[in-house]
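Reading through the C-alpha cells given below for one structure.
Here, each number is a calculation from the coordinates, and none is a lab measurement. Keep in mind it's a predicted model, so treat the numbers as computed, not measured. Cβ atoms come from the backbone with ideal geometry, glycine included; neighbour counts cover every protein chain shown.
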Amino acid sequence: MSMPAPVYSLSPNPHQETVDFLRRLSSMLTGGRNAEVQQEAASLIETLSLRAASAEQRYQEQQEDHARNLELREVAELASDNLIAEVDSLKAEIELLKAQLADRISQACTHRNWFAEETLRAQVQAELAQEQLAAAHAELAEMRRPPPPETLDDSIAVVPMQSLQLARAQFDHLAEGFAKQGDVVSQTICEIGACTLDKALADNEPGRDSGPPQRLI
C-alpha cells in the first residue's frame, strides 16, 4: 500500500523561501552568468507569486460577488413572484368589479324602464280621470238644468240622486288608487270632482229648500 501524500500548510507566500535562497546563493557567487540567472529566476518567481496571489484574490472576490448575485437573484425572483400574485389578485378584483358594475347598470336600466312605464300609466290614468271629471261636470250641468216650468211639480226630482252617488263613489275609488301610486295631481282632480258631487248631493237632499238650482262650475 502506498502512503498518503503528506499535507503541508502553506505560508502566505510559499515561494518566498526559494526566492530568498536563490538571492543568497547569487550573492555568494563572485559574479558571472550564473549569478545573473539566479537573480532573474528569483525575480521571476517573486513576480509570478505576486500575480498568482493577485489572481487568487480576484477569484475569491468573484466567488463572493457570485454568491451575492445568487442571493440577490433569489430575492428578485421572490419579489417577482409576489408581484405576479398581486397582479393576478388585482385582475380578479377588477373582473369582479366589472361584473358588479354591469349588474348594477342592468338593474338601473330595469328600474328606469319600470318607472317610465309607471309614469306613462299614471299619465294615462290622469287623462282618463280628467275625461271622466269633464264628463261628470257636463252630466251634472245637464241634469241640473231646470225642466220647463209647465212640467215641474212636487213629484219630479230635478237631480237623479243615484247617478250622483255612483259618480261620487267612482271619484273616491280613483282618488284612492292615485294616492297609492303617488300621483298627487290626479288624486287632487278626483277629490275636486268628489267635492263637487258632495255639493250637488247636499243641494238635492229631500226637504231642503235651496232656491233655484246652482251651477257647479
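Projection of the Cα convex hull of segment 16-80, averaged over all directions and equal to a quarter of that hull's surface, yields 4.8 nm². If R0 equals 45 Å, the separation of the Cβ atoms of residue 188 and residue 102 corresponds to a calculated FRET efficiency of about 0.60. Normalising by residue count, segment 72-145 has a Cα convex hull of 52 Å³ per residue.
Full extension of the chain between residue 162 and residue 116 gives 12.7 nm of extra length, using 0.36 nm per residue less the Cα-Cα distance.
Measuring r between the beta carbons of residue 24 and residue 60 and using R0 = 35 Å, the FRET efficiency lands at 0.60.
Between the alpha-carbon centres of segment 120-142 and segment 36-59 there is a gap of 121 Å.
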